[in-house]
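Asker: Just dropping this structure here.
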Amino acid sequence: MVVAAAMTAMPAAAVAAVAATLGRFAMDVCLYMSQNFGFVSFPDELTTGSSIMPHKKNPDVFEIMRGKCN
């Protein structure tokens, strides 16, 4: 029984590690795309504008990825 539990826990731990890495990557992309840094830029098809600040680009894909992975 212990071996079966260990074999089940290993893939779950691997998936959790991948999700944590993707979450950190998405957080870094959101940070580096902010106006404070401006290191990363995406085309308009991958971002949405803000109703208050139309010039601001929101990286929706990465914000959703960050939220789902955490």
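Asker: Considering only the range 29-67, state which residues are charged (D, E, K, R) and under 8 Å from the mean Cα position of the chain (by Cα). Break it down stepwise before answering.
Answerer: Taking the range 29-67 and keeping what is charged (D, E, K, R), we get 44-45, 56-57, 60, 63, 66.
Selection gives GLU63, ARG66.
Asker: In the set VAL29, VAL15, which member is open to solvent by 80 Å² or more (accessible area, probe 1.4 Å) and modelled with pLDDT of 90 or more? So that I can check it myself, show each step before the final result.
Answerer: Details: VAL29 fails: open to solvent by 80 Å² or more (accessible area, probe 1.4 Å).
Answer to the selection: VAL15.
Asker: Related question: Tell me the residue from MET27, MET53 that is of a type outside the set (Phe, Trp, Tyr) and outside any helix (DSSP H, G or I), please.
Answerer: Details: MET27 fails: outside any helix (DSSP H, G or I).
Just a single option satisfies the conditions, and that option is MET53.
Asker: Then there is this: Quick one: what pairs do we get from the range 18-32, first residue under 16 Å from PHE42 (Cβ atoms), second exposed (fewer than 13 other Cβ atoms within 10 Å of the Cβ), C-beta under 6 Å, 6+ apart or different chains?
Answerer: Partner pairs satisfying both residue conditions: TYR32/PHE39.
Asker: VAL40 - would you say it is outside any strand (DSSP E or B) and at pLDDT 90 or above?
Answerer: On the way: outside any strand (DSSP E or B): yes; at pLDDT 90 or above: no.
The answer is no for VAL40.
Asker: Which residue out of GLY38, GLY49 is surrounded by 11 or more Cβ atoms within 10 Å (Cβ to Cβ) and over 23 Å from ASN70 (Cβ atoms)? Lay out the reasoning, then the answer.
Answerer: Working: GLY38 fails: surrounded by 11 or more Cβ atoms within 10 Å (Cβ to Cβ).
From the options GLY38, GLY49, the qualifying one is GLY49.
The values are calculated or read from the model by the stated rules, or taken from the named source; none is laboratory data. What you see is a predicted model; the values in this text were computed from it and never measured. Counting neighbours? That spans all protein chains shown, and the Cβs are built from the backbone with ideal geometry, glycine included. When the accessible area is computed, the model is the full protein with side chains, heavy atoms only, and any ligands, DNA or RNA have been set aside. Shrake-Rupley method; radii C 1.70, N 1.55, O 1.52, S 1.80 Å.
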